[in-house]
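What follows is a set of notes on a single structure, which appears directly below.
The values are calculated or read from the model by the stated rules, or taken from the named source; none is laboratory data. All figures in this text were calculated on a predicted structure; none of them were measured in a lab. Positions of Cβ are generated from backbone atoms using ideal geometry, with glycine treated the same way; all protein chains shown enter the neighbour counts.
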Amino acid sequence: MPGDPTSRRLVEEGNRSEAGSTTEAIRLSSRLVWQFSAHSDVGQVRAQNEDSFGADSCRGLFIVADGMGGHAAGEVASSLAVRCATEGVALIPGDAPLHEARDRLRSAIHDANEVILIEGRADPDRSGMGTTTTALLISPDGWWVVGHVGDSRAYLVRAGRVTQITEDHTYVQELVNQGRLSSEEARLHPRSSLLTRALGTAPNVSIDLIDGELKEGDRFVLASDGLMSMVPESEIRSHLAAESEAEELVRNLIAAANDAGGHDNITTIVVDVTGVAD
């Protein structure tokens, strides 16, 4: 949400392998303060990066989007998702309560879905493009909300405990929910990347909205599935639980995915709620 007007606002989009990283700290005039680090990497196999990320520190918005579609259409879809979310959150008043922020975030993601559908219909080369979207909105007033579609993820690390906030919208996750696959079997399944929900694939999309209380010391991690598809969940959680700086954690997670083969683009954002403003 809006902070000290003298603070530098940062809005960063990344979908490039060579220049997709950002580290920034922000001190707000309200109670809680945070800092973040983010990077997007093309991986070891793919020629282009179809992931995008956005970070608006002053408004507390952080978003990861993993695009899909030929002729660079995935990059277009993920960039549109980041743009629409950023523009939508910019309309939220600084003193908005949680329920209003939830509604506005939902509307912004719905708007992204509509824009991606329109762009796909207007250009044959972009037909069928889509993207995942996982957006985190945090407030210095002490709440957080995540809007989620697809299989990018959000985690919360609190007092050393790692909690996966989102649930993957995939065919294999449905099998896990039914008890027919373990999480590790799902990661290695040949249809592990088959989405059951994504932006740009249907006129109406169901959006998961999850919220909670924001506390000093909280760490949020957003990641595209280029991380989870390569690195076992136990190893990811080990990295997240380690006491490391945000920038170091981002580097370590991306390196782990690349060391395992880097078959997909990898994007990671780490947000640390560092304390209380003076």
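Points worth noting:
- Residues in segment 234-276 that are in contact with a Ser or Thr (Cβ under 9 Å, 6 or more places away or on another chain), surrounded by fewer than 22 Cβ atoms within 10 Å (Cβ to Cβ) and part of a strand (DSSP E or B): D272 alone.
- Search result, residues across segment 35-59 that are crowded, with 24+ Cβ neighbours inside 10 Å and under 14 Å from V221 (Cα atoms): F36, A38, S40, F53, G54, A55
- Filtered residues of segment 60-77 (kept if in contact (Cβ under 8 Å) with a residue 40 or more places away in the chain and over 16 Å from T134 (Cα atoms)): G69, G70, H71, A73, V76
- Selection count, segment 248-278, where residues are touching a residue at least 60 places away in the same chain (Cβ under 8 Å) and within 22 Å of P140 (Cα to Cα): 9
- Going through (1) more than 19 Å from D264 (Cα to Cα); (2) over 12 Å from the mean Cα position of the chain (by Cα) one by one, H148 falls short only on (2).
- Of G217, G150, all but one fail to be small (G, A, S), modelled with pLDDT of 95 or more and surrounded by fewer than 21 Cβ atoms within 10 Å (Cβ to Cβ); the exception is G217.
- Test: residue in segment 187-208 that is loosely packed, with under 15 Cβ neighbours inside 10 Å, under 28 Å from S139 (Cβ atoms), modelled with pLDDT under 95 and charged (D, E, K, R): no
- Cβ-Cβ distances below 9 Å connect the following pairs, each with a first residue in segment 182-196 that is closer than 15 Å to M68 by Cα, a second residue that is assigned to a loop (DSSP other than H, G, I, E, B) and among the polar types (S, T, N, Q), and a separation of six or more residues or different chains: S192/S229; S193/S229; L195/T132; L195/T201.
- Residue match in segment 38-47 (condition: touching a Gly at 6+ places or on another chain (Cβ under 7 Å), of a type outside the set (D, E), closer than 18 Å to E114 by Cβ and modelled with pLDDT of 85 or more): no
- Just so you know, in segment 67-86 the residues that are in a helix (DSSP H, G or I) and out of contact with any helix residue (DSSP H, G or I) (no Cβ under 7 Å at 6 or more places or on another chain) include one that is surrounded by the most Cβ atoms within 10 Å (Cβ to Cβ), and it is S78.
- Any hit, segment 116-131, residues being under 25 Å from A77 (Cα atoms), among the hydrophobic types (A, V, I, L, M, F, W, C), outside any helix (DSSP H, G or I) and in contact (Cβ under 8 Å) with a residue 40 or more places away in the chain: yes
- Those strands (runs of 3 or more DSSP E) of segment 139-221 in which 2 or more residues are under 26 Å from L61 (Cβ atoms) and of a type in the set (A, V, I, L, M) occupy 143-149, 153-158, 208-213.
- Evaluation of R180 against the conditions (1) surrounded by fewer than 21 Cβ atoms within 10 Å (Cβ to Cβ); (2) closer than 30 Å to N113 by Cα; (3) over 19 Å from the mean Cα position of the chain (by Cα) shows that the sole unmet condition is (2).
- Residue tally, condition modelled with pLDDT of 95 or more and of a type in the set (D, E, K, R), over segment 120-140: 0
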